[in-house]
Structure formats: structure tokens, C-alpha cells
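The structure appears below as C-alpha cells.
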Amino acid sequence: MVPNEKTDVLVIGAGPAGSMTAKWAAKSGSRVLMLEKRQEIGSPVRCGEGMSKDWLGEVGIKPGRWINVEVEGARIYSPSEKVFEINEKHAGNEVGYVVERDEFDKQLAIDAANAGVEVRLKSAAVALLKENGRIVGARVKEFGETHEIRAPITIGADGFESQIGRWAGISTNIAMRDMDTCLQYRMTNVGCDVRYCDFYLGKVAPGGYVWVFPKGEGLANVGIGVQVSQVQNLADARTYLDRWIAAHPEYAKGKKIDMVGGGVSISAPLKQTVTDGLMLVGDAARMIDPLTGGGIANGCIAGKICGTVATEAVTAGDPSKEFLQRYEKGWRARLEEKLYRNWLAKEKLVSLSDETFDKIIEVLAGVKLEKLNVHNILKAVHTKYPEVTKEFEAFL
Amino acid sequence: MRRPRWTAEVRPVPNKKSLHIESSGQLCIYCGACVGICPLNCIYLDETRITFDEKVCTRCEVCVKACPVGAIEIG
């Protein structure tokens, strides 16, 4: 029998959002326990491994050996393969890294552990403990043995297929149109340019895109995301990806050495991410950027706020959902406007025809935009193809 | 909390289509996409085993579309 335990903050899930939350809660003075259901943090990798870098300083992540390739820019390919290049001049410091995601997750867990967090492997939450309608911890299965861990604050950082939110009665249900189903091969011997992350739009990946993220020495992550509601004839993401690879000789000659899949939410932000005694963070809180499908930056930024508020709640002795509004308001003030704006843009993009994509990318490839934003893009397209921008008047 | 009671390969319920999740690893890559999208929260992923609750499942087929490798069938 494992004895029951008590802690100040219980973090469920040791991905980037979980580790970041745990670290900041510990740094601000809480006793923190972080659970990971697997035997290894960061593995298996379920990620395209591309990320921006401008936010790392804000949450206290230092560059490390998890950086694989530093890219100079991104290239957007239209269906007829016209190319628009986004470089550092456009995107400021937004252009980023291709990373070793397992190393990255481990580094964040190390940072958390060094800040005083106790990390438990092979420990899965199997139920939440409730008292008078408040979450007061979790029942945890650790190496096959079940015991209870009580904590005034519990954090659900259990990823896309989050159970914690559902168990706590927070609606995290996701519609088919709000999810992309993804598959990726790591391929060797491919002809990609290590200076760029490449994105291919249009019917090759309805409601999503094909990505090629270079990992150096002929190695690349070649993946696809397809909006579940747009999947046709019961084809799956693998069918779409294989079809795309077959049509591109520089990738068709490559050899697959790894394969990962998963779901990515492309929804508007959740209406509620806290309840009495509980906060959700990262993919579990549907914080993934609906336009890019990237979740690491938002999860980490929200994690810092979440960890800080967790300690404030413990110190104040008030884990009520009213108190936890500090987190709800904090992460929304920092992230929600961009999430919402990108969600609107995504809603528009998934409805565009291949012809429209071609026209837009053609125009963008031909003009020099000072600063890349939706308004400037639309203005440029409007001068050449006014009929294309008709639908976008709400943005202008 | 509800836990899985039926494995994916068991008997169909009368008047319901049968749902088959290939979870032996021949197709399934244990990515959890089906778990995340299930509107009734009745699919469970436990390392290398996927199970679903036959009684709760309404055969809405959302998981079939969400599976990136076509490992779920409804017949």
C-alpha cells in the first residue's frame, strides 16, 4: 500500500505546459508534485517540431541542445506551387527553430525539477477527488498501485485527449470542424532546404496543410494535417500524405524512418479553463493556435501564469474558481486576442478554393510587404484581384 | 470514474452497427486522436491498448474520420 499524500499543487502531465506550470509554481514557493503517466518524459514525440522563438525569454527557457536547426524563414506554397517567402524581415523574431522535441520536454522537466518540483514517472491520474463540488486532488496509479494525492490546486496539463477537464465538468468537447487529424513521417535522403520551413496549402490537405521541417543532413519531418470534417470518402491523413509525397519526387525518393500521428484542435478558445480547485493549461485547455496548429508557445506562456496563480491561491488559502479567475483573465489578456484573430483567419482559409490560394500567393510573391499582417496582405491582393478580397471585407 | 469494460474486438450490440478499433498495433499508432474527439468520452487509451465502451458508444463515426491511419471501422 502506498500511503496517501498531500502537496500544495498537483500537476497532471509533464509536457511543456505541465513542466512550465510546475516550475513557476515551485519558484514562487509552492510544494509541487508533477505526474507523468509514461516512463519517459517527451517520448514518444507527437509533434512536427517546428516552433517560433520570440517567446522563449518571456517564460525563462534558455537555448539548449534541444535546438536542431535554426531556420531563416518559412515558404508558403500555393496549390500550383507558387511560393511566398516569409523571412525574418517580415516576421521579426517570429521565425524559429526546428527542435528535438523529446530533448525539449526533458529540458523543461529538468528546469522544473531544479526549481524544486517532485516528478513522478509511470503515474497516471485515474480519477479526480471531489469534496463539496471542489476538486481536491486526484487518485493516482503509480507503478500499478493506487493512492490518493490531495492538493488545494490541481492542474490538468494532460494534452489533446485531456480527461481531467471532462472529469471536472469543464466542456472540452471538440467538433469535427475544430480538429485536424495529423500524420508525419521523419524521412531521410530528402531534398529540402535547411534554411526554410515549408508549408503547402490547398486541396492536398483540406482544412490544413502539408509541412516540411528540415532537421539537417537530408533529414526532415514531412507531415500533414487535415480538417476532420473535410476528410473525403473515408480517406485518412496517411492517404493524403502518401499521395502528396508520391507527387513530389524530391520527397518520394526519401526513406521513412519514423511515423507519428495525433489530433490537433483548431477551435476558438475554451469558454472556461478553471473550476473550484482546478486549472487547465496547454493543449488540454485548447490553447493551440488554430491557424498554425502550434501549441508549445501558448502552453508555456499560459503555464507561467498558471503556476504563479497556483501559488497565489495556495498562499491565500483560496482555491475557489473566483480566485482562479486571475489565471483565466491573465492568460486571456496575453493570448486570447491573437487566438481569436487566427481562428477567424483559419475559418476563412479552410473555405478557399485552390484558385484563390494561387491568386493570393502569386500576389504576395510579387510584392514587397513591409510588415506581414492580414490587413497588408488583403490590401496587396485587392489591388490585383479585387474579386478575391470581396469576402474579406470584414478584415479590411 | 468510468473505466473501460469492453475491449474493442468484442460482440456487437443488437441493432447497433459494429465498431472495430484495430488496436493490436497492425494499424493503430496509439496517437489518441480518437480519444480526444469522442463526444461521449468512451474511448480509452492505455499505453498500447485502445478500448471503448460498447454501451455508451452511439456509432457516430467521428472517431473513424479522426483516425489518421484508418484503423477504425464501422460495419
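The values are calculated or read from the model by the stated rules, or taken from the named source; none is laboratory data. The structure presented is a predicted model; accordingly, all values stated were derived computationally and were not measured. Positions of Cβ are backbone-derived with ideal geometry, glycine not excepted, and every protein chain shown enters the neighbour counts. Surface areas here come from the heavy atoms of the whole protein model, side chains and all, with no ligands, DNA or RNA. Shrake-Rupley method; radii C 1.70, N 1.55, O 1.52, S 1.80 Å.
Results, tabulated for the structure shown:
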read-out: Average beta carbon contacts from partner chains per residue of A:232-239, 10 Å cutoff; value: 5
read-out: Among beta bridges that DSSP assigns inside the protein assembly as shown, antiparallel share in %, nearest 5; value: 75
read-out: Accessible surface, 1.4 Å probe, highest first, among residues A:Tyr200, B:Tyr30; value: B:Tyr30, A:Tyr200
read-out: Folded to 0 to 90 degrees: helix A:354-366 orientation relative to chain A principal axis, Cα; value: 80
read-out: Cα lying deepest toward the dipole's positive end in the protein assembly as shown, options A:Tyr251, B:Cys57, A:Leu372, charges on Cβ; value: B:Cys57
read-out: FRET E, pair A:Lys348, A:Lys271, Förster distance 25 Å, beta-carbon r, rounded to 0.05; value: 0.65
read-out: Cβ charges +1 (Lys, Arg) and -1 (Asp, Glu), total dipole of the protein assembly as shown, debye; value: 720
read-out: Partner chain coverage, peptide A:155-162 - average Cβ within 10 angstrom; value: 3
read-out: Signed unit charges on C-beta, dipole axis of the protein assembly as shown, positive-most listed residue A:Trp24, A:Phe323, A:Pro63; value: A:Phe323
read-out: Lysines with Cα under 18 Å of A:Lys255, excluding same-chain neighbours fewer than 8 positions away; value: A:Lys215
read-out: A:Asp180 accessible area, assembled protein chains, probe 1.4 Å, Å²; value: 10
read-out: Length added when fully stretched, A:Lys89-A:Ala246, from 0.36 nm per residue minus Cα-Cα; value: 53.1 nm
read-out: Neighbouring partner chain Cβ atoms per residue of A:170-182, average, 10 Å criterion; value: 4
read-out: Length released on extending from A:Arg166 to A:Asp258, taking residue separation times 0.36 nm less the Cα-Cα span; value: 29.9 nm
read-out: Crossing angle, helix A:237-246 versus chain A [Cα axis fit, 0-90 degrees, rounded to tens]; value: 40
read-out: Furthest towards positive pole of dipole, A:Phe213, A:Asn189, A:Gln230, structure part region A:176-265, Cβ charges; value: A:Asn189
read-out: Cα long-axis angle, helix A:374-384 against chain A (0 to 90 degrees, to the nearest 10); value: 10
